[in-house]
1. Which ones in the stretch 211-238 are open to solvent by 10 Å² or more (accessible area, probe 1.4 Å), in a loop (DSSP other than H, G, I, E, B) and out of contact with any strand residue (DSSP E or B) (no Cβ under 6 Å at 6 or more places or on another chain)?
2. Return the residues of the stretch 80-102 that are closer than 17 Å to Leu123 by Cβ and under 15 Å from the mean Cα position of the chain (by Cα); say none if nothing qualifies.
3. Out of the residues in the stretch 18-29 that are surrounded by fewer than 23 Cβ atoms within 10 Å (Cβ to Cβ) and within 17 Å of the chain's Cα centre (by Cα), which is nearest to His122 (Cα to Cα)?
4. Considering every residue within the stretch 32-53, establish whether at least one is among the acidic types (Asp, Glu), open to solvent by less than 20 Å² (accessible area, probe 1.4 Å) and touching a residue at least 60 places away in the same chain (Cβ under 8 Å).
5. Can you tell me which of Arg70, Arg59, Arg117, Arg100 is farther than 15 Å from Ala34 by Cβ and free of Cβ contacts under 8 Å to residues at least 12 places away in the same chain?
6. Looking only at the stretch 36-74, how many residues end up being at pLDDT below 95 and part of a helix (DSSP H, G or I)?
7. It is to be established whether one or more residues within the stretch 144-163 are open to solvent by 10 Å² or more (accessible area, probe 1.4 Å), within 26 Å of Ile83 (Cα to Cα) and modelled with pLDDT under 95.
8. Between Ser195, Ser199, which is of a type in the set (Gly, Ala, Ser), in contact (Cβ under 8 Å) with a residue 24 or more places away in the chain and open to solvent by 20 Å² or more (accessible area, probe 1.4 Å)?
Amino acid sequence: MENLKYKRLMLKLSGEALIGDGSYGISQEMVIYAAQEIKSAYETGAQIAVVIGGGNIFRGVEASVKGIDRATADYMGMLATVINALALQNSLEKTGVPTRVQSAIEMRELAEPYIRRKAMRHLEKNRVVIFAAGTGNPYFTTDTAAALRAMEIDADVIFKATKVDGVYTKDPVKNPDAVMIEHITHGDVLKQGISVMDSTAITLCMDNNLPIIVFNLKNKGAIKRALLGEKVGSFVGG
């Protein structure tokens with residue numbers, strides 16, 4: 001085991017990170033790239049859990065605006081996260097990383113049901129655990145699922161891998177004058193309404209003193225470097 005700053009990591013991957021250069025669906029190149037990045041971090045000896053979004057396939061909030069019942073739309077979004085989880089598991093295992101998928105919605109033919117103690121045992125046995133189907137409840141995002149599962153498995157930190165380099169004063173894609181913030185507290189994120197994770201997730205992390213590191217997934221080696229304590233992206237915490 002290398003000299004790790006964080007020994008147990010919750011990695012939050014957005015579904016959009018798997019789109020690649022397209023506008024929808026799963027780019028196999030991006031899934032393979034994400035798996036290789038996770039493998040590089042895994043080889044340090046860190047214990048890694050992953051929560052993955054489903055926005056590349058289906059977004060419950062957007063669908064509810066268009067007329068689908070919100071709870072139904074959210075359940076559909078949860079199923080999209082299972083598709084992404086299986087794709088990532090397949091790529092990870094092809095690189096030689098033992099992986100388990102646990103789903104908050106029971107589907108025994110595809111994944112284990114979420115059981116906290118079993119998940120922790122997998123981590124102790126150096127298996128990557130992918131948590132699918134969010135929290136299993138509508139009205140909660142996968143950001144909140146990542147914060148909740150991180151608390152349950154006693155993770156040291158949440159890494160949020162996105163399409164931008166860190167936390168910005170405003171959306172850098174739409175606003176060229178946006179300024180990157182290197183260090184900010186959970187409270188200031190809430191007060192200033194900065195888009196990092198949703199407010200429920202940020203509040204959970206603040207109440208439990210759990211730091212969040214936000215960085216660009218395409219920044220090669222970022223997960224490993226952050227695990228080893230190097231400065232990567234933006235730090236949200238005390």
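1. Across the stretch 211-238, the qualifying residues are Lys218, Asn219, Lys220, Gly221, Leu228, Gly229, Glu230, Lys231, Gly238.
2. Ala85, Leu88, Gln89, Val101, Gln102
3. Initially, the stretch 18-29 is screened for residues surrounded by fewer than 23 Cβ atoms within 10 Å (Cβ to Cβ), giving 19-29.
Now drop any that are not within 17 Å of the chain's Cα centre (by Cα), which leaves 19-20, 26.
Values: Ile19: 29, Gly20: 30, Ile26: 27 Å.
So, considering only residues that are surrounded by fewer than 23 Cβ atoms within 10 Å (Cβ to Cβ) and within 17 Å of the chain's Cα centre (by Cα), the one nearest to His122 (Cα to Cα) is Ile26.
4. Yes, the stretch 32-53 contains at least one residue that is among the acidic types (Asp, Glu), open to solvent by less than 20 Å² (accessible area, probe 1.4 Å) and touching a residue at least 60 places away in the same chain (Cβ under 8 Å).
5. On the way: Arg70 fails: free of Cβ contacts under 8 Å to residues at least 12 places away in the same chain; Arg59 fails: free of Cβ contacts under 8 Å to residues at least 12 places away in the same chain; Arg100 fails: free of Cβ contacts under 8 Å to residues at least 12 places away in the same chain.
It is Arg117.
6. 11
7. Yes, because at least one residue in the stretch 144-163 is open to solvent by 10 Å² or more (accessible area, probe 1.4 Å), within 26 Å of Ile83 (Cα to Cα) and modelled with pLDDT under 95.
8. Being of a type in the set (Gly, Ala, Ser), in contact (Cβ under 8 Å) with a residue 24 or more places away in the chain and open to solvent by 20 Å² or more (accessible area, probe 1.4 Å) holds for just one of Ser195, Ser199, which is Ser195.
The values are calculated or read from the model by the stated rules, or taken from the named source; none is laboratory data. Here the structure is a predicted model, which is why all the values come from computation and not from measurement. Quick reminder, even Gly has a Cβ in these numbers, built from the backbone with ideal geometry, and neighbours come from all protein chains shown. Please note that ligands, DNA and RNA were not included when accessible areas were found on the heavy atoms of the full protein model with its side chains. Shrake-Rupley method; radii C 1.70, N 1.55, O 1.52, S 1.80 Å.
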